[in-house]
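The structure appears right after this line, and notes come after that.
The values are calculated or read from the model by the stated rules, or taken from the named source; none is laboratory data. Because the structure is predicted, anything quoted here is derived from the model rather than measured. Glycine gets a Cβ as well: all are built from the backbone with ideal geometry, and neighbour counts include every protein chain shown. Keep in mind that these areas ignore ligands, DNA and RNA; they rest on the heavy atoms of the full protein, side chains included. Shrake-Rupley method; radii C 1.70, N 1.55, O 1.52, S 1.80 Å.
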Amino acid sequence: MIVIENVKKIYADGTTALLDINLSIPPGIFGLLGPNGAGKTTLMRILATLIAPTSGTVSVAGFSVQTHAHEIRKIIGYLPQNYQLHPQLTAWEFLDYLGILSGMTAGRKSRIEEVLLQVGLQPHAHKKIRGLSGGMKQRIAIAQALLHNPKILIVDEPTAGLDPAERNRFRNLLAQFSIDRLVLLSTHIVADISSTCRSLTILDKGGICFTGSVADASSLAEHHVWEATLPLDKLEHFQGELIITSMIKSEDSNDVKVRYIDVMNSALVESSVSVPSTLEDSYLYAISNRKAS
Amino acid sequence: MRSTLATLLGIVRYQLRDFLRTRYFGVIAALLLALSLVFLELPELAQKYAVMPIFNVAAYLGSLGGILLFFMLVPQWIKEFHPGADMVWSREIPTPVFFFAKIVASLIGVFLAYFPALLLNAAVLCYYFGSFSLRPLGQLIAIILLPQLVLIISLSVLVSLTLQKPLWSYVVLFVLWIGLPSVYEKVPWWNISLRRFFPSPVIGFGPHTELVFWNRLYIYSVSLILLVAAFSFFRLIEPRIKNAPSGLARLLILGSMIALCILSGQSIRNMAAISRVSFPASNNEDLLISSVALEAFTQYIEVDLAQEILWGKSEITFVVHQPITTLHFNLNPGLQVDRVSIPGRTGVSLIDQGVIITPTLNIGELVTLIIHYQGILKPDQNRPNLFQVPDRHQQNATTAYLGQGTFFMAAPGNWSPFSESLLPHRLELVLTGVFPEMVSNADDIRDLPKGKQLVWNHIQPGALVALSSSYRQFLVGDAVVYSPTDYEHLLDIVAPVSASIVGTMETAFLGEAQGKAISIAIVPFNQLPQYSLGDGLIFLPENYFRMYASLSATQNYEAPIIFKRLAAEIMMRAWWCQYRHCFIQPVMIGDYMEGDEDAITPTILSFMALKQSQALLGESFAASEIQARRARVLDNIFFFTPNDVIFPSLGISNALFVRLNDLWNQLGQDAFLRLVISFDQTYADGQLSIDEFEQFVFKQSGVALPPLNSDSN
């Protein structure tokens, strides 16, 4: 269980990264969705005990990050968005090294074999990291977060750089791992959230736009999502006013079928038809709504 | 505890692996190997005293190799501070364990980088000098190389953590490196070591053992201060939330910093006090690296100048310090050893490079080894020592090494099986055929049917200026003795040139001065070439004279002044010995301990030399030297500055020197000279304490020896 109360983070250069965040994260997979610069990584780094909040309190499994960082580090696994591997070491050696840094002693070797199997890297275990592809390196990064069987897993943009099959495998891995554990998944890829999380928070510009279940989130934009067909030359006129989420040109005419979100709840385009909203629609709607408000 | 140790070792293992697999590591190790090859001077190694190349390797691998280490250490110490190292910092590893593991990995990494070079050294030294040379190698690595490396590592850690930018770190480290403790050079005030990196007495020269000890202790304590500071900084900048250090941890850090500062302060104070000990110091028994110690060395040489052949016999008496079965020689390849023997023993044979002795020589045994040999004369006047140093590779004769550092060996000369070694205690030279003038202060000269026999019982270096100036005048009081000013031209000529051609110039100048050609007397002291003047005088330039000649040529100091000052000193000693009928003692470079009973006579002579040679040196020189010596005592200054070269650190008591000057000012020249002559008549052996000397001065002159103060001139 993670409890975040009135957390604010202002960096030394004056940039405000988080504004009065209040959040309670239960066990299971919890999504943190938001555009770049929303403050997701800052929040993740606070939870990973790397930086301290400017004000407010953060409690991870009952431990305060400000006063019991060392205890928290024992129970969390963290996959940062940007990471640096040791290119001279092999995948196996690198995991062994990080296992040692996590204080693992007994069973470290078998656990390394296990996570390498989980991320599908066993055949490449003894290759130097510098010779591995980007996707393989990402899988090593995932493996190191799982290595010491943390109670809480914090993953920041974990599927970046993975192909669809790898991404699917990772999602399944997370789902499996989240039984009896807490997984905090930060991403700007909506599909990652919709396919794995039960609940989420949408962050934007350091503030929370929405917190709730994925189902509730998906219905946020209900009655604001429309589909319409309009001539291509008129599209330009609407592009500035609407959030167009899809655009398909007709094969036999000069018309374009568009799907759009209208924040003001009015169909600006004639002959628009209201359609059910998806999580992605709701995400875009929530962010746009915050901007408008 | 056990798991912490396992964690520490695990981190060391991977940090080290990271170290070793970088491309820099191999390049740096290869460059260190190349450096060691350069400093071993392999082509001439066989003809050297083993400890010198080892010393060079240890000293220069530390100082020059230090630059290379920066490129290895800096990236390793800032890599966890790059963005992207979060997966390290989010782990539970305690900071002290992580820091300590990185330090250990750095130490081992540096050692492994040096390992090929050290291995090569060990192999080469074993090949040339036998396995015994591993011991001095180990000693010199521990005493000379290791302290430098520890300082370089601690500096690199602190600077790289502070700056966190490789390029800036390299720039700052390089600037600091320029001032890192060097072996001989002057040390600027901003040098991190603050003091000279004193060479070690283990190699037979250098300052007192205790001075080296305090010097190394100072370097280690400064290194530890840097590391404690680096650790504190490491904690401060580690990119994660820090739990406040416990009171105990803070106390430990503060306590260790204070203790180290006290230790380094104590080291500085002790260094300052001990640095007044004479330099070069006498042998230090505690650091002797010899397995045997020389007791007596008698050399018998019979030379046929017409045939250019010689026969010789060396009798070397030594005390055994370690059980040995083999004495290694570095025999002159131009000579052929006929046989070796130890009276009263069988089983002594020369095999390859060593004298094999069975059964083993035991500790405390006094042994006399006799070597019979013969050879061919090959005078080579192009050499500074006027003798050819045979090229080992042009000869098939056996070359080896004497005693593995037993005697002070250098390149083999031409007449002795191990010439350029320590001068023989007794030399018997028989010259067959016609040899014109041959004196050289021999104790005994006899005409034999086949030529002349010359015997020296106590060989000592003479003095170029002192002896040659016996033709001239030097005023001491009313007595005309010698005149250094007549040799001013000589001093000006020889000063700016290198020692290698000093001999040639001396010969030419003196030949001109005498109005006749000067023949070179072939006397087998390679380091001390002797010149025979036509009327039978022979002289030997002192080692110090040559040393200063070399110094002036390479460092462009005010060499003429140095020579003039030194000449005045030598002449005063010559006058003293003529007056006292004693041997001319070599001039010591360095200071006596203040109050040393041996220091009073040399100090009086040195002071008189300065006063008597003011015409040669100038009034301002004399005043500034007195002022400099006063500052040495009162301000405890012992940095090497240009002044120290201009005012040679002659073996005297600085305090007494200054007090004598004040006394001279009170008494005047005549009364002062009367006092000195009276002093000699009263204390023929010159052994008395400062208190006794003060009483003597007061009794004889009615004036108290003035106390040391900073006011008078």
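Points worth noting:
- Projecting the Cα atoms of A:Leu85, A:Leu101, A:Gly131 onto the charge dipole of the stretch A:85-136 (Cβ charges, centred on the Cα centre) puts A:Gly131 farthest toward the positive pole.
- For A:Ser199, nonlocal amide neighbours, meaning residues 5 or more places apart or on other chains whose placed amide H falls under 5 Å from its own, are A:Gly31, A:Val214.
- Helix A:164-177 axis versus longest C-alpha principal axis of chain A: approximately 60°, rounded to the nearest ten.
- Rolling a 1.4 Å probe over the protein chains gives B:Ser63 an accessible area of about 30 Å².
- Note on chain A: helix-only mean residue ellipticity at 222 nm, from DSSP H runs of 4+ residues weighted -39500 (n - 2.57) and normalised by residue number, equals -9500 deg cm²/dmol.
- Taking amide H positions as modeled 1.01 Å from N, with prolines and chain starts lacking one, the residues under 5 Å from A:Ile154 and 5 or more places away or on another chain are A:Gly77, A:Tyr78, A:Leu79, A:Leu184.
- Between B:Gln614 and B:Val38, the C-beta separation translates, for a Förster distance of 35 Å, into a calculated FRET efficiency of about 0.15.
- Partner shielding of B:241-247 amounts to 4, given as the average count of beta-carbon atoms from other chains within 10 Å of each residue beta-carbon.
- Going by accessible surface with a 1.4 Å probe and the largest first, B:Trp311, B:Trp664, B:Trp77 read B:Trp311, B:Trp664, B:Trp77.
- Counts of other chain beta carbons within 10 angstrom of each beta carbon in peptide B:2-13 average 3.
- Extreme residue, positive dipole direction of the stretch B:1-114, given options B:Gly66, B:Leu107, B:Val97 (C-beta unit charges): B:Val97
- Other-chain or far-sequence residues with amide H under 5 Å of A:Gly206's (modelled H): A:Gly39
- Listed residues A:Gly14, A:Gly131, A:Gly39, most fluctuating in chain A (Gaussian network, C-alpha, under 10 Å): A:Gly14
- Here the Karplus relation 6.51 cos²θ - 1.76 cosθ + 1.60, evaluated at θ = phi - 60°, turns the backbone of the stretch A:121-134 into coupling constants of 10, 4, x, 10, 4, 10, 9, 5, 4, 4, x, 8, 6, x Hz, with x for every Gly and Pro.
- Local electrostatic count, A:Gly107, Cβ distance below 15 Å [Lys/Arg +1, Asp/Glu -1]: 0
- Between A:Ala61 and B:Leu20, the C-beta separation translates, for a Förster distance of 35 Å, into a calculated FRET efficiency of about 0.35.
- For the stretch A:109-232, a crude dipole built from +1 on the beta carbon of Lys and Arg and -1 on the beta carbon of Asp and Glu, taken about the Cα centre, is about 800 debye to the nearest 20.
- Average beta-carbon neighbours from other chains, 10 Å sphere, peptide A:67-79: 4
- Sum of side-chain charges, B:Leu8 neighbourhood, beta-carbon under 13 Å (Lys, Arg +1; Asp, Glu -1): +3
- Extension gain, B:Asp338 back to B:Ala142 (0.36 nm per residue minus Cα-Cα distance, nm): 66.5 nm
- For chain A, modelled as a GNM whose springs connect Cα atoms under 10 angstrom apart, the maximal fluctuation among A:Ile179, A:Ile21, A:Ile208 occurs at A:Ile179.
- Other residues within the sphere of radius under 10 Å centred on the Cβ of A:Ala38, judged by their own Cβ, net out at +1 (K and R +1, D and E -1).
- Across the stretch B:238-255, coupling constants 3J(HN,Hα) worked out from phi with the 6.51/-1.76/1.60 Karplus curve, θ = phi - 60°, read 4, x, 7, 5, 9, 6, 4, x, 5, x, 5, 5, 4, 5, 4, 5, 4, x Hz, and Gly and Pro carry x.
- In this structure, the pairs whose alpha-carbon distance is over 20 Å, taken from A:Lys74/A:Lys151; A:Lys137/B:Lys79; A:Lys234/A:Lys257; A:Lys40/B:Lys242; A:Lys74/A:Lys128; A:Lys205/B:Lys79, are A:Lys40/B:Lys242; A:Lys74/A:Lys128; A:Lys205/B:Lys79.
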